[in-house]
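Peer 1: Sharing a structure below in structure tokens format, with a few things to ask.
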Amino acid sequence: MLIGLGVVVSACSPPQEQPSDVKVDTATSFRAAPASQVVSSTSAAPAPLPGVIECVGAPEFEPESLALACADDDDRLVDITWDTWTPEKATGTAVRETTERGRTERTRDVEVELSEPVRSPQGLVFTRVTVDDEEIIL
């Protein structure tokens, strides 16, 4: 067994290898970047911003309109002006258009809030829509 181990170890050493105390300096010179260009490894990356999915499809960021009734499109927000869009929530104002029996009513300056982001197969998305403090079930 010792002979087999000796053969394995000798096979790992290159032939004609000569041990030496002399070392050859092959390193190149190194100059550090100025401190203003150094990125701290402790700095946190910005949190990803959630999007909102209008009925189906890919998440959108700060859409100008948003359907509140996907089945028949009779309740929607249009002309949305977003005031904030953060990792926790998005807030803004809009015009709410509701259609009943062919007649459309427009309510201006409704308050819109998107909240409760979750990770989905499409990425981070808001799951809760509130209009004038009323939760909208999509």
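Peer 1: I want to verify the translational diffusion coefficient of the stretch 66-136 in µm²/s; compute it with Stokes-Einstein, Rh as the Kirkwood radius over Cα pairs, at 4 °C and 1.567 mPa s. Intermediate results must be reported in sequence, preceding the final value.
Peer 2: Details: Rh = 12.9 Å.
Translational D for this selection: 101 µm²/s.
Peer 1: Suppose the chain between residue 82 and residue 105 were pulled fully straight at 0.36 nm per residue; how much longer would it get relative to their current alpha carbon spacing?
Peer 2: 6.1 nm
Peer 1: Hey, another quick one. Beta carbons within 10 angstrom, averaged per residue: use that to sort the peptides 78-88, 106-116, highest first.
Peer 2: Details: 78-88: 13.0, 106-116: 14.5.
Taking the mean over residues of other Cβ atoms within 10 Å, the ranking is 106-116, 78-88.
Bear in mind these aren't lab numbers, they're just calculated from the coordinates by the rules spelled out. None of these values were measured; they are calculated from a predicted model. Glycine gets a Cβ as well: all are built from the backbone with ideal geometry, and neighbour counts include every protein chain shown.
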